[in-house]
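Everything below concerns the one structure shown next.
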């Protein structure tokens, strides 16, 4: 958990492109730091489903994630449904994962825990 907290405390610097997406051990290391609640899908994006007791709670969480996204300039896909919100994160400019995606995901985890 300490490594995950470390990720959440980093600044989420959006990727400007021009770098290759993360692969292999570098990707695996960041995934371990983030934790197993997030799934790395095809080395392309991160995905996690958050569960809530009702629609209102899921909507409130979705709005908090949206505010965070605007604040840091990193915009995930969010699927809202009754009692759950699925968050999908990747860096569009490189069509894959960058360190900023893991930082953002850790910040989303912190929102869910708050």
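The values are calculated or read from the model by the stated rules, or taken from the named source; none is laboratory data. If you're wondering where the values come from, they're calculated on a predicted model, not measured in any experiment. Reconstructed Cβ throughout: ideal geometry from the backbone, glycine too, with neighbour counts over all protein chains shown.
Exactly one of (1) closer than 15 Å to residue 38 by Cβ; (2) at pLDDT below 95; (3) not in a helix (DSSP H, G or I) is unmet by residue 75. Its number?
(1)
Output the residues belonging to region 61-82 that are loosely packed, with under 15 Cβ neighbours inside 10 Å and in contact with a strand residue (DSSP E or B) (Cβ under 6 Å, 6 or more places away or on another chain).
Hits for region 61-82 are 77, 79.
Residue under question is residue 58, and the condition is that it be at pLDDT below 95 and over 26 Å from residue 27 (Cα atoms); does it hold?
no
Among the candidates 58, 85, 100, which residue alone is in contact with a helix residue (DSSP H, G or I) (Cβ under 9 Å, 6 or more places away or on another chain), outside any strand (DSSP E or B) and surrounded by 14 or more Cβ atoms within 10 Å (Cβ to Cβ)?
Going through 58, 85, 100 in turn, the sole match is 100.
If you check every pair at least six apart or on different chains, which have Cβ atoms under 9 Å apart with a residue in region 80-94 that is on the phi > 0 side of the Ramachandran plot first and a residue that is part of a strand (DSSP E or B) and surrounded by 17 or more Cβ atoms within 10 Å (Cβ to Cβ) second?
Pairs that qualify, where the first residue is on the phi > 0 side of the Ramachandran plot and the partner is part of a strand (DSSP E or B) and surrounded by 17 or more Cβ atoms within 10 Å (Cβ to Cβ): there are none.
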